[in-house]
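Engineer: Before we start, here is the structure in question, set down as structure tokens.
The values are calculated or read from the model by the stated rules, or taken from the named source; none is laboratory data. Since we're looking at a predicted model, the values are computed, not measured. Here the Cβ positions follow ideal geometry from the backbone for every residue, glycine too, while neighbour counts run over all protein chains shown.
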Amino acid sequence: MVIVAGHITVEPQQRESYLAGCVAVVEQARQATGCLDFAITADLLDPGRINVFERWETRAAVEAFRGDGPGDDQSNAILAASVTEYDVADMRSLTGDDAA
């Protein structure tokens with residue numbers, strides 16, 4: 001399993017329009033082969049922070065979906081980014097169900 005997690009920073013007044021521009025990406029990702037979860041969300045405390053969380057079956061699935069990354073408008077809005085990809089060897093459920 002591969003997890004992509006972190007956050008990006010945009011101007012607080014641009015966050016809602018940035019997120020609106022991400023709706024189609026989230027829809028596409030969630031329908032992509034190998035996608036287990038995909039979320040781009042507003043942070044509850046920092047008005048300029050956008051949290052990123054993705055969970056994929058394989059690295060190949062991530063690469064197949066990734067493409068060229070965000071468009072120019074979105075890239076230009078990003079002030080800073082801290083997003084990391086993790087290769088996960090094992091996992092355990094904290095809620096007691098087997099479906100993670």
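Engineer: Restricted to the stretch 1-22, and to residues that are aliphatic (A, V, I, L, M) and assigned to a helix (DSSP H, G or I), which residue is nearest to ARG49 (Cα to Cα)?
Structural biologist: Out of the qualifying residues, it is LEU19.
Engineer: So which residues in the stretch 47-70 are in contact (Cβ under 8 Å) with a residue 24 or more places away in the chain and surrounded by fewer than 15 Cβ atoms within 10 Å (Cβ to Cβ), if there are any at all?
Structural biologist: PRO47, GLU57, THR58, ARG59, ALA60, ALA64, listed by residue number.
Engineer: Of all residues being surrounded by 12 or more Cβ atoms within 10 Å (Cβ to Cβ) and of a type in the set (A, V, I, L, M, F, W, C) in the stretch 14-24, which is farthest from ARG66 (Cα to Cα)? Just the residue, please.
Structural biologist: Per the criteria, the residue is LEU19.
Engineer: Between GLU27, GLU85, which is under 14 Å from the mean Cα position of the chain (by Cα), charged (D, E, K, R) and surrounded by fewer than 12 Cβ atoms within 10 Å (Cβ to Cβ)?
Structural biologist: GLU27
Engineer: For the stretch 19-61, give me each residue that is more than 23 Å from ALA77 (Cβ to Cβ) and among the acidic types (Asp, Glu).
Structural biologist: ASP37, GLU57
Engineer: Of all residues in the stretch 55-91 being small (Gly, Ala, Ser), over 23 Å from GLN13 (Cα atoms) and touching a Ser or Thr at 6+ places or on another chain (Cβ under 9 Å), which is modelled with the lowest pLDDT?
Structural biologist: Going residue by residue through the stretch 55-91, those that are small (Gly, Ala, Ser) are 60-61, 64, 67, 69, 71, 75, 77, 80-82, 89.
Among the residues that remain, those that are also over 23 Å from GLN13 (Cα atoms) are: 60-61, 64, 67, 89.
From what's left, touching a Ser or Thr at 6+ places or on another chain (Cβ under 9 Å): 61, 64.
Values: ALA61: 95, ALA64: 92.
Of everything passing the filter in the stretch 55-91, ALA64 is modelled with the lowest pLDDT.
Engineer: Could you list, ordered by first residue, the pairs with Cβ atoms under 8 Å in which the first is in the stretch 29-44 and touching a residue at least 24 places away in the same chain (Cβ under 8 Å) and the second is aliphatic (A, V, I, L, M) and assigned to a strand (DSSP E or B), at least 6 apart or interchain?
Structural biologist: Listed by first residue and then by second, the contacts come to ALA42/ILE50; ASP43/ILE50.
Engineer: For the stretch 1-13, which positions are surrounded by 17 or more Cβ atoms within 10 Å (Cβ to Cβ) and of a type outside the set (A, V, I, L, M, F, W, C)?
Structural biologist: HIS7, THR9
Engineer: Does any residue in the stretch 78-98 that is over 22 Å from ALA61 (Cα atoms) come within less than 8 Å, Cβ to Cβ, of a residue that is at pLDDT 90 or above and assigned to a loop (DSSP other than H, G, I, E, B) six or more places away or on a different chain, and which pairs are these?
Structural biologist: Every condition considered, the pairs that remain are ILE78/VAL10; LEU79/VAL10; LEU79/GLU11; LEU79/GLY48.
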